[in-house]
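Take a look at the structure below.
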Amino acid sequence: MMSKKMLDALNNHLNEEVYSSYLYLSMAAYFEDKNLKGFAGWFRIQSQEEYMHGMKFYGFINQTGGKVNLKAIAAPKTNWKSIMEVFEETLAHEKHITALIDKLVGQAMQEKDYATNNFLQWFVNEQVEEVANVEEIINKLEMIGDNKGGLYMLDREL
Ligand code: FEO
């Protein structure tokens, strides 16, 4: 049975993942509005993935005999100054999530909670991949600059 402290931390993190889903859906809506369907589709998929991440926490909490306690989801931002700003904020957000996962791992190790530590390892790997994917898109956006043709190509690629 996991500690109350660990259970509370996992419930808080479930909220962070669902908030991530909501944030990326808001980013998708921003791109839909600009008729950039490729970018919008990319963020819609990210949004679905984040919801699934939240559901992994939901499943694990239940499996280990804890109770899921859902909290309010904060309203995400709805407008950005540029495409680059959207991706810079996505990168910052993913780094924030990575820091939270690392903190959860630290807590699980401190409590010798091996089951939770093992559950969290999937997220440790996932975060490496997610940060790398966003960095790759930022690199491409830097190369493209103000080139509309390049932007069109990247939208199609995504
Ligand atoms: Fe589930 Fe992108 O962190």
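So which residue, out of Tyr22, Tyr114, Tyr30, gets the largest mean-square fluctuation from a GNM of the chain using Cα contacts under 10 Å as springs?
Among Tyr22, Tyr114, Tyr30, the largest GNM mean-square fluctuation belongs to Tyr114.
In Å², what does the accessible area per residue of the chain work out to with a 1.4 Å probe?
Ligands and nucleic acids excluded, the result is 57 Å² per residue.
If each DSSP helix of 4+ residues adds -39,500 (n - 2.57) and the sum is divided by the residues in the chain, what number results at 222 nm, nearest 500 deg cm²/dmol?
So the helix-based figure for the chain works out to -28500 deg cm²/dmol.
Just by accessible area at a 1.4 angstrom probe, what is the order of Asp8, Asp33, Asp102, Asp146 from largest to smallest? Each step should come with its number before you reach the end.
Details: Asp8 60, Asp33 130, Asp102 85, Asp146 150 Å².
The ranking, largest first, comes out as Asp146, Asp33, Asp102, Asp8.
I need the calculated FRET efficiency for the pair Ala99 and Ala75, taking r as the beta carbon distance and R₀ as 25 Å, to the nearest 0.05.
About 0.65, to the nearest 0.05.
Under 13 Å from a point 7 Å along the Cα-to-Cβ line of Lys67: which residues of segment 1-35 have their amide N that close?
Correct set: 8.
Ignoring ligands, DNA and RNA, please state the percent of accessible area on the chain from carbon and sulfur, probe 1.4 Å. Present the calculation step by step, with values, prior to reporting the outcome.
Values: 4920 of 8980 Å².
Carbon plus sulfur share of accessible area: 55 percent.
Could you tell me the accessible area of Glu136 in Å² (1.4 Å probe, neighbours in place), rounded to the nearest ten?
The accessible area of Glu136 comes to roughly 100 Å².
Give or take rounding to whole Å, what are the principal axis extents of the alpha carbon atoms in segment 1-72, in descending order?
Cα extents, longest axis first: 49, 19, 12 Å.
Could you work out which residue, out of Met55, Met84, Met143, moves most in a Gaussian network model of the chain, that is, has the largest mean-square fluctuation with Cα springs under 10 Å?
Comparing Met55, Met84, Met143 in a Gaussian network model of the chain, the most mobile one is Met143.
Specify the residue with the greatest mean-square fluctuation among Gln121, Gln63, Gln48, computed from a Gaussian network of the chain linking alpha-carbon atoms under 10 Å apart.
Judging by the Gaussian network model, the answer is Gln63.
Along each of its three principal axes, how wide is the spread of alpha-carbon positions in segment 1-129, in whole angstrom units, largest first?
The Cα atoms of segment 1-129 stretch 50, 25, 19 Å along the principal axes, largest first.
Under 13 Å from the 7 Å Cα→Cβ point of Asn133, by amide nitrogen: which residues of segment 83-111?
91, 94
Taking the Cα centre of the chain as the origin, how large is its charge dipole in debye, to the nearest 20, when only Lys and Arg (+1) and Asp and Glu (-1) carry charge on their Cβ atoms?
520
The values are calculated or read from the model by the stated rules, or taken from the named source; none is laboratory data. Only a predicted model underlies this, so the values are computations on that prediction, with no experimental measurement involved. So basically every Cβ, Gly included, is an ideal-geometry build from the backbone, and we count neighbours across all protein chains shown. Remember, those area values only see protein heavy atoms, side chains included, never the ligands or the DNA or RNA. Shrake-Rupley method; radii C 1.70, N 1.55, O 1.52, S 1.80 Å.
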